[in-house]
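Scroll down for the structure; my scribbles are underneath it.
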């Protein structure tokens, strides 16, 4: 799993049937210090995440397992982070 911050929404008027009822969100990958890492990605949201929230997401085959039916998902939000606690820092 990877950390990210929701920075926006992606609006789609036409979707693959498997994605009906799901939002697409724009995610900025971050490290444990909340610093941006890499390029932004679009992820399927199954948790009603909101802009500004820190989340964790999965990519590749594991991302497609968020939904019950076969789908072409490449990234999916799988959790909302309440806190990041770094010991010895």
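The values are calculated or read from the model by the stated rules, or taken from the named source; none is laboratory data. These numbers were taken from a predicted model, which means no experiment stands behind them. Glycine gets a Cβ as well: all are built from the backbone with ideal geometry, and neighbour counts include every protein chain shown.
Residues of segment 1-44 being over 22 Å from residue 84 (Cα atoms), under 13 Å from the mean Cα position of the chain (by Cα) and outside any loop (DSSP other than H, G, I, E, B), which ones? Selection gives 9, 10, 23, 24, 42, 44. Of 4, 79, 52, 8, all but one fail to be modelled with pLDDT of 80 or more, touching a strand residue (DSSP E or B) at 6+ places or on another chain (Cβ under 7 Å) and exposed (fewer than 10 other Cβ atoms within 10 Å of the Cβ); the exception is 52. Of the numbered criteria (1) modelled with pLDDT under 90; (2) assigned to a loop (DSSP other than H, G, I, E, B), the one residue 58 fails is (2).
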